[in-house]
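The values are calculated or read from the model by the stated rules, or taken from the named source; none is laboratory data. Quick caveat, the model's predicted, so the values are computed rather than measured. Here Cβ is always computed from backbone atoms with ideal geometry, including for glycine, and neighbour counts include all displayed protein chains.
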Amino acid sequence: MNLSISQSPNLPKRTGLETIAKTLEQGPLRLLDPLEQEIFQLRLEQGWEDVLRPLRLLYGARSDFETWLNRFLEITAKAYAARPSDLRHLDLQRVHQPDWFQRPDMVGYVAYTERFAQDLPGVQDKIPYLKELGVTYLHLMPLLKPRPGANDGGYAVMDYRQVRDDLGTMADLSDLASHLRQNGISLCIDLVCNHTAKEHTWAQAALQGDPDYQAYYLMFPDRALPDEYEKTVREIFPEFKSGSFTYYEQINQWVWTTFNEFQWDLNYANPAVFAEMLDIMLFLANQGVELLRLDAVAFMWKRLGTDCENQPEAHAILQAFRALSRMAAPGLLLKAEAIVPPPQLVPYLGVGEATDKECEIAYHNVLMVTLWSALAERKVVLATHVLQKMPRIPARTAWVTYVRCHDDIGWAITEEDAAGVGLDGFAHRSFLSDFYTGRFAGTFARGATFQFNPQTNDRRVNGSCASLAGLEIAIAKENWGAAEQAIRRILLLYSVIFAFGGIPLIYMGDEIGLLNDRSYVDDPDLMADSRWIHRPYMDWDKAAERYNWQTITGRLFQSICHLVAARKRTLTLHARTAVTPVWTHNDQVLGLVRESAYGRLLILANFSEQHQTVSRRRLQELGFGGLLINRLDEQFIPPWQDLDLEPYQSHWLAPVV
Ligand code: GLC
């Protein structure tokens, strides 16, 4: 093997690439055939700098850096050696088609296994339903073994190598992943990497006083440092508990618990934690999971005097995960769940030196928030302003766009952005909370308040897409005109997330208009958390009405299928195509221009219940002056008239060349 990259200057001589390569060849890789060995060595050579850069930032100052570096690479090489042959084949496919997740035929679906199909084998039976919708990516909500009792919807994991008992086994998960793959669907699951349940064996050992495991978490013998930290960190679940630390008498320590008391934040300053999580990540990849949703990544590194979110080291952890997982399982994609304001969000897709070297995909919570804001205001000014200011993302990354998810909507609109369009941030956020929780006179929405914080007056909002868009009130009042408007609002939001760029997610039940479900209040483990209001059980009886256009279910389901079909045939929607929000000179109509070698597309979306017009002149100025075709229905739009949009209508317009 002829390895050309020279030794890294900051490392002692024997930690050079060649030495490591040799050790791995004689160690974890020794049973592989020469070609497979060579493939790993090539990836090692190519990814070497990408591995070193973030790891140096994290652990470079330690005297045992070299030992840890070897350990991380050994874990990686072992996972590579253990990778099943069908997944090696997948890796090859992905490497040869690196834009697979950016293509317009990508459409995601998000569901709780038990609420969608009872258990993992049950999900296999629902594959035909997913295919009907055109789904190519399935995110099953947390399914690794959680702590018993309340577990934050599965985000308090006690064993990452086991599946939740009632859902099946790890073998069922692998089996499902492979069946999905055979049907063109990639499986995504959560990896809760910021914290474990306090019932995890590491936490249990820590509670028994084991100092090695206590170092896996952030523990303080008194309140001195917690008090200092609490001066600057925000409270995530103020209704569940106050502060970010919990006292445990058994060990006489304050433990860092950002979320619930039972979720202990991991200490990534300890390389042993990084090694464990890397091993788990690659283990899950080898089960056939193709995408990992990395939970709460913004919180992974703490620094005194800051809000302890989005620290450079949190990014370095992700970059190192990515560089190492690329060597063992290049088919695996990492998805960042960082629900943070616009300036902090884009770096999760990689900036500067880390361009294209962090997560491949990330949730676009800013788009989600500003769309709901526009719907309440019947105005797109804030959305246009905020989205215009967001920098472009690296070419080999993509957003994950969504209307609703399992979490609340937090009004992540900064003072500066609100002021930029003449709004008062505080007042606007209060308006949105009031609007979506039914406090605002004349609102169409029915939602619930979540985590009211009296100190900041912050009120987050829960509710299903259909209920927030007006369907619940309309049905309760048997007002079919209002129901029609609600349907149009749902489809409007979906048409924007389908065209914005990236992987659009359909949140289970939205496709058939499932309303808020209040049954969670009867379950003692769920009753305190109103996010369960929008985590309903799939209503398969209702779904059976999906072929009947006369029903609300039929209208929604078929229209969403129609959007999926339109998306799949519109190459311009490839995620590599830049998206530019534009002023349409009509404050009710959102405009997005998509532009690349694939062509140009103008997306127009009317956020009001009135007819709206975009003038021909404006279309000309935007470069859409000639004959246009609406990609949603393939109808031509003649060049001599202003463009009319019906209430809540959207168009995807391409010039006819
Ligand atoms: C993420 C999850 C949320 C959970 C939190 C803590 O934000 O989406 O549901 O409560 O992390 O794990």
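Which members of segment 189-215 meet the condition of being away from the ligand (no atom under 16 Å from the Cβ), more than 29 Å from A177 (Cβ to Cβ) and either of a type in the set (V, I, T) or touching a residue at least 12 places away in the same chain (Cβ under 8 Å) (or both)? Steps first, answer last, please.
Taking segment 189-215 and keeping what is away from the ligand (no atom under 16 Å from the Cβ), we get 201-202, 204-215.
With the extra rule that they be more than 29 Å from A177 (Cβ to Cβ), the set shrinks to 204-215.
Those that are away from the ligand (no atom under 16 Å from the Cβ), more than 29 Å from A177 (Cβ to Cβ) and either of a type in the set (V, I, T) or touching a residue at least 12 places away in the same chain (Cβ under 8 Å) (or both): A206, L207, G209, D212, Q214, A215.
Restricting to segment 257-279, name every residue that is under 29 Å from R94 (Cβ atoms), within 16 Å of the ligand (Cβ to nearest atom) and out of contact with any helix residue (DSSP H, G or I) (no Cβ under 6 Å at 6 or more places or on another chain).
Scanning segment 257-279 gives a single hit, M277.
Does G591 satisfy the criteria of being more than 30 Å from Q97 (Cα to Cα), under 32 Å from the mean Cα position of the chain (by Cα) and free of Cβ contacts under 8 Å to residues at least 12 places away in the same chain?
Against the criterion (more than 30 Å from Q97 (Cα to Cα), under 32 Å from the mean Cα position of the chain (by Cα) and free of Cβ contacts under 8 Å to residues at least 12 places away in the same chain), G591 does not qualify.
Of everything in segment 381-422 that's more than 16 Å from the ligand (Cβ to nearest atom) and in contact with a Ser or Thr (Cβ under 8 Å, 6 or more places away or on another chain), which residue is farthest from F450 (Cα to Cα)?
P394
Step by step: first the residues of segment 309-353, then only those that are within 16 Å of the ligand (Cβ to nearest atom), outside any loop (DSSP other than H, G, I, E, B) and of a type in the set (G, A, S), then the one that is surrounded by the most Cβ atoms within 10 Å (Cβ to Cβ). Which residue is that?
Per the criteria, the residue is A336.
Of these, T113, T136, which one is away from the ligand (no atom under 16 Å from the Cβ) and under 18 Å from R293 (Cβ atoms)?
On inspection, the qualifying residue turns out to be T136.
Could you check segment 244-258 and list, in sequence order, the residues that are more than 13 Å from L218 (Cβ to Cβ) and either crowded, with 23+ Cβ neighbours inside 10 Å or in contact with a Phe, Trp or Tyr (Cβ under 9 Å, 6 or more places away or on another chain) (or both)?
Selection gives Y247 alone.
Of the residues that sit in segment 139-165 and are within 14 Å of the ligand (Cβ to nearest atom) and of a type in the set (G, A, S), which one is farthest from the chain's Cα centre (by Cα)?
Filtering segment 139-165 for residues that are within 14 Å of the ligand (Cβ to nearest atom) and of a type in the set (G, A, S), the one farthest from the chain's Cα centre (by Cα) comes out as A150.
Quick one: in segment 478-520, of everything that is of a type in the set (D, E) and more than 23 Å from the chain's Cα centre (by Cα), which residue is surrounded by the fewest Cβ atoms within 10 Å (Cβ to Cβ)?
Here the answer is E478.
Among the residues of segment 488-528, write down those that are over 24 Å from M106 (Cβ atoms), touching a helix residue (DSSP H, G or I) at 6+ places or on another chain (Cβ under 7 Å) and charged (D, E, K, R).
Result: R489, D517, R518.
What number of residues within segment 216-235 satisfy the criterion of being surrounded by 17 or more Cβ atoms within 10 Å (Cβ to Cβ), more than 22 Å from P271 (Cβ to Cβ) and within 16 Å of the ligand (Cβ to nearest atom)?
Residues meeting the conditions: 2.
Identify the single condition in (1) surrounded by fewer than 23 Cβ atoms within 10 Å (Cβ to Cβ); (2) modelled with pLDDT of 95 or more; (3) of a type in the set (G, A, S) that A398 does not satisfy, given that it satisfies every other one.
In the conditions (1) surrounded by fewer than 23 Cβ atoms within 10 Å (Cβ to Cβ); (2) modelled with pLDDT of 95 or more; (3) of a type in the set (G, A, S), A398 misses (1) alone.
So, in segment 118-129, of the ones that are in contact (Cβ under 8 Å) with a residue 12 or more places away in the chain and surrounded by fewer than 23 Cβ atoms within 10 Å (Cβ to Cβ), which residue ends up nearest to the ligand (Cβ to nearest atom)? Show your work before the answer.
Restricting attention to segment 118-129, the residues satisfying the condition of being in contact (Cβ under 8 Å) with a residue 12 or more places away in the chain are 119-121, 123-124, 127, 129.
Add one more test, that the residue is surrounded by fewer than 23 Cβ atoms within 10 Å (Cβ to Cβ), and what stays is 119, 121, 124, 127, 129.
Values: D119: 21, P121: 25, Q124: 26, I127: 25, Y129: 25 Å.
The selected residue is D119.
Failed condition for K568, given (1) touching an Asp or Glu at 6+ places or on another chain (Cβ under 6 Å); (2) assigned by TED's automatic domain parsing to the domain that holds E634, with all others met?
With respect to (1) touching an Asp or Glu at 6+ places or on another chain (Cβ under 6 Å); (2) assigned by TED's automatic domain parsing to the domain that holds E634, K568 is out only on (2).
Okay, residues lined up against (1) small (G, A, S); (2) in contact (Cβ under 8 Å) with a residue 12 or more places away in the chain; (3) within 26 Å of E49 (Cα to Cα):
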| residue | (1), (2), (3) |
| --- | --- |
| N286 | no, yes, yes |
| A314 | yes, yes, yes |
| F321 | no, yes, yes |
| G331 | yes, yes, yes |
| N365 | no, yes, no |
| W372 | no, yes, no |
| A376 | yes, yes, no |
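Yes/no per residue for (1) under 18 Å from G447 (Cα atoms); (2) at pLDDT below 95; (3) among the hydrophobic types (A, V, I, L, M, F, W, C):
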{"position": "N516", "(1), (2), (3)": "yes, no, no"}
{"position": "D523", "(1), (2), (3)": "no, no, no"}
{"position": "A528", "(1), (2), (3)": "yes, yes, yes"}
{"position": "R535", "(1), (2), (3)": "yes, no, no"}
{"position": "E545", "(1), (2), (3)": "no, no, no"}
{"position": "Q550", "(1), (2), (3)": "no, no, no"}
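If D190 meets every condition in (1) in a loop (DSSP other than H, G, I, E, B); (2) at negative phi; (3) within 20 Å of the chain's Cα centre (by Cα) apart from one, which number is that one?
It is condition (1) that D190 fails.
Give, as residue ranges, the helices (runs of 4 or more DSSP H) completely inside segment 438-509 that count at least 3 residues that are touching a Pro at 6+ places or on another chain (Cβ under 8 Å).
480-499
Please go through segment 560-582 and pick out each residue that is part of a strand (DSSP E or B), within 22 Å of I361 (Cα to Cα) and among the hydrophobic types (A, V, I, L, M, F, W, C).
Within segment 560-582, A578, V579 qualify.
Confirm whether E309 is more than 30 Å from L278 (Cβ to Cβ) and of a type in the set (D, E).
Criteria not met by E309.
Go through A469, A476, A448 for me and flag whichever is in contact with a helix residue (DSSP H, G or I) (Cβ under 8 Å, 6 or more places away or on another chain), away from the ligand (no atom under 16 Å from the Cβ), modelled with pLDDT of 95 or more and of a type in the set (A, V, I, L, M).
Testing whether each residue is in contact with a helix residue (DSSP H, G or I) (Cβ under 8 Å, 6 or more places away or on another chain), away from the ligand (no atom under 16 Å from the Cβ), modelled with pLDDT of 95 or more and of a type in the set (A, V, I, L, M) leaves just A469.
Every residue in segment 236-256 that is more than 15 Å from the ligand (Cβ to nearest atom) and touching a Leu at 6+ places or on another chain (Cβ under 9 Å), please.
F245, Y248, Q250, I251, W254, V255
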